[in-house]
Structures are given as C-alpha cells and as structure tokens.
Amino acid sequence: EADIYQTPRYLVIGTGKKITLECSQTMGHDKMYWYQQDPGMELHLIHYSYGVNSTEKGDLSSESTVSRIRTEHFPLTLESARPSHTSQYLCASSAFKEFNSPLHFGNGTRLTVT
Amino acid sequence: GESVGLHLPTLSVQEGDNSIINCAYSNSASDYFIWYKQESGKGPQFIIDIRSNMDKRQGQRVTVLLNKTVKHLSLQIAATQPGDSAVYFCAEVTSNAGGTSYGKLTFGQGTILTVHP
C-alpha cells in the first residue's frame, strides 16, 4: 500500500558513527519532508524540500543534513551519531502543484544510538 | 508560539459506539486542517482534511467539524471498530502570503483511542 519507503526500519548504532536514513517515493511528488517523533509525542519538522536541489531546515533544530539529487530520493545523514539523536524519523511527501495537499508518510526509521 | 493541542490524551470506547476526538488550534490564520491516524510501528495515515472555508466534511465513517470562531476541530468516528484503535493527530497548515503552502504541518500531541470489543 505504501508508496513511500524508508530503510532501515530499525537501526542501533554506536556513538560517533555516520549514518544515512533512506527515503524514496514513487508518486512523483515534488515536496518531501523529514519529521522527528519521540514515542507518543507530536511530529516535529526537521527538513523539507520543494524539489531537486532544494533543501530547507524545518522548525526543530537538527544536526542532520539532507540532499535532494533526484525527485524520488531524500536521504538524511547524521555525520556523528549521539544518544540525543535516538528517536523515530519519519519521511513524507506531497504533491507541490496541489494547493494544501496532505502529506503521505513512510513507516519511519527507529534510531537508537548507544 | 502557535500550537495545536488536543483536549484529551486518551479515549476509551466500546465497539460500535461513536467516538469524538477534539483538537484546539491557536493560529487563526491556519486555513487547512488534517486528521491523521497512527498505528503502532507505522507512519501517520491520512484520514480526512478540511479547508477553512468549510464547517463540515464527511468521509467513510468519519466526519470532521471545524469551528473557526473558537478555533476548534473535531473528528467523529461512527460505529467505532477495534481496528480504529490508534493515536490520532490533528495538524494545521498556514499558507504563506502568496496563497501557496509548502505543506508545513504543525502537529498536536495526539489522542490515544482504544476500542474495546
């Protein structure tokens, strides 16, 4: 059913490691987003993109970076993971041409940094 | 700052009952609202949306009501089923001055709906 895919689903990694969370969508959506969500809490926007070569920081400050080289792909990278980065990361996309179109979410990556 | 919040963090109902989940928003300039359902281990799933020029919108077993006077949003689920058990989030979008929106959603804390058979 999902047209937006995130890998890995779960990741446990040690402090200081570099990680990349993958996100791909097959809907041809121009807009893509990364949200961070702690268990039972609201979602916070950390990055978004209007299209290829467009990246913007969201409301919540994050040490992660993103890139948008292809329309369908919006990876998120942490150069040096820390325990404070432990959280769930949700990727989403929406159609730019549709005014106020809803976001479609992936199933998330649950990251644990030890 | 602007925020979207939910009145009740948890709601328990019996199967077959109607459920009402409430949401208050603080930004009067918000013009688009969405309800999402999030099941354990999954991303939020779109349920229904409503624009600020509407008061009510109906979907399959769900109805969203918007009261702009008191900045209140509600989600009504008819004949609630065990499969409706999840966390429900409301979210608001505020368009920029040009009338377009980059789709930035402000989410509330969420309401846990538990449906007992």
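Which of the following residues is open to solvent by less than 10 Å² (accessible area, probe 1.4 Å), facing chain B (nearest Cβ under 10 Å) and out of contact with any Pro (no Cβ under 8 Å at 6 or more places or on another chain): A:SER64, A:SER94, A:SER49, A:SER87?
Working: A:SER64 fails: facing chain B (nearest Cβ under 10 Å); A:SER94 fails: out of contact with any Pro (no Cβ under 8 Å at 6 or more places or on another chain); A:SER87 fails: facing chain B (nearest Cβ under 10 Å).
Going through A:SER64, A:SER94, A:SER49, A:SER87 in turn, the sole match is A:SER49.
Any chance you could count how many residues in the range A:55-80 are of a type in the set (Lys, Arg) and at pLDDT 95 or above? Steps first, answer last, please.
Here is the first cut: in the range A:55-80, the residues of a type in the set (Lys, Arg) are A:57, A:68, A:70.
In the following step, the residues that additionally are at pLDDT 95 or above were identified as A:68, A:70.
Counting residues in the range A:55-80 that are of a type in the set (Lys, Arg) and at pLDDT 95 or above gives 2.
Just a yes or no: is a residue in the range B:64-80 within 11 Å of chain A (Cβ to nearest Cβ), among the charged types (D, E, K, R) and either surrounded by fewer than 16 Cβ atoms within 10 Å (Cβ to Cβ) or within 30 Å of A:LEU60 (Cβ to Cβ) (or both)? Walk me through it before giving the result.
Filtering the range B:64-80 down to residues within 11 Å of chain A (Cβ to nearest Cβ) leaves none.
Scanning the range B:64-80 turns up no residue that is within 11 Å of chain A (Cβ to nearest Cβ), among the charged types (D, E, K, R) and either surrounded by fewer than 16 Cβ atoms within 10 Å (Cβ to Cβ) or within 30 Å of A:LEU60 (Cβ to Cβ) (or both).
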- Please verify whether the range B:10-26 includes one or more residues that are out of contact with any Leu (no Cβ under 8 Å at 6 or more places or on another chain), at the interface with chain A (Cβ under 10 Å from one of its Cβ atoms) and at pLDDT below 95. no
- Residue by residue through the range B:40-60, note down the ones that are in contact with a strand residue (DSSP E or B) (Cβ under 6 Å, 6 or more places away or on another chain) and surrounded by fewer than 14 Cβ atoms within 10 Å (Cβ to Cβ). B:ARG51, B:ASP55, B:LYS56, B:GLY59
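Restricted to the range B:102-117, and to residues that are within 12 Å of another protein chain (Cβ to nearest Cβ) and surrounded by fewer than 20 Cβ atoms within 10 Å (Cβ to Cβ), which residue is modelled with the lowest pLDDT? I'd like the intermediate steps shown before the answer.
Filtering the range B:102-117 down to residues within 12 Å of another protein chain (Cβ to nearest Cβ) leaves B:102-112.
This time we only want the ones that are surrounded by fewer than 20 Cβ atoms within 10 Å (Cβ to Cβ), so: B:102, B:104, B:109, B:112.
Numbers: B:TYR102: 56, B:LYS104: 69, B:GLN109: 77, B:ILE112: 93.
Of everything passing the filter in the range B:102-117, B:TYR102 is modelled with the lowest pLDDT.
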- Hey, A:ILE69 hits all of (1) within 14 Å of chain B (Cβ to nearest Cβ); (2) of a type in the set (Val, Ile, Thr); (3) surrounded by fewer than 18 Cβ atoms within 10 Å (Cβ to Cβ) but one; which does it fall short on? (1)
- State all residues of the range A:52-61 that are in contact (Cβ under 8 Å) with a residue 12 or more places away in the chain and within 11 Å of another protein chain (Cβ to nearest Cβ); if no residue qualifies, say none. A:SER54, A:GLY58, A:ASP59
- Here is a list of conditions, (1) farther than 19 Å from B:LYS37 by Cβ; (2) among the aliphatic types (A, V, I, L, M); (3) in contact with a Leu (Cβ under 8 Å, 6 or more places away or on another chain), and A:LEU90 meets all of them except one; can you say which number that is? (1)
- So A:PRO8 clears everything in (1) within 14 Å of chain B (Cβ to nearest Cβ); (2) at pLDDT below 95 except one condition, right? Which one? (2)
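The values are calculated or read from the model by the stated rules, or taken from the named source; none is laboratory data. The shown structure was predicted, so the numbers you read here are calculated from the model rather than taken from an experiment. For neighbour counting, all protein chains shown are included, and Cβ atoms are generated from backbone atoms with ideal geometry for every residue, glycine included. Just the protein is used for accessible areas: all its heavy atoms, side chains included, with ligands, DNA and RNA removed. Shrake-Rupley method; radii C 1.70, N 1.55, O 1.52, S 1.80 Å.
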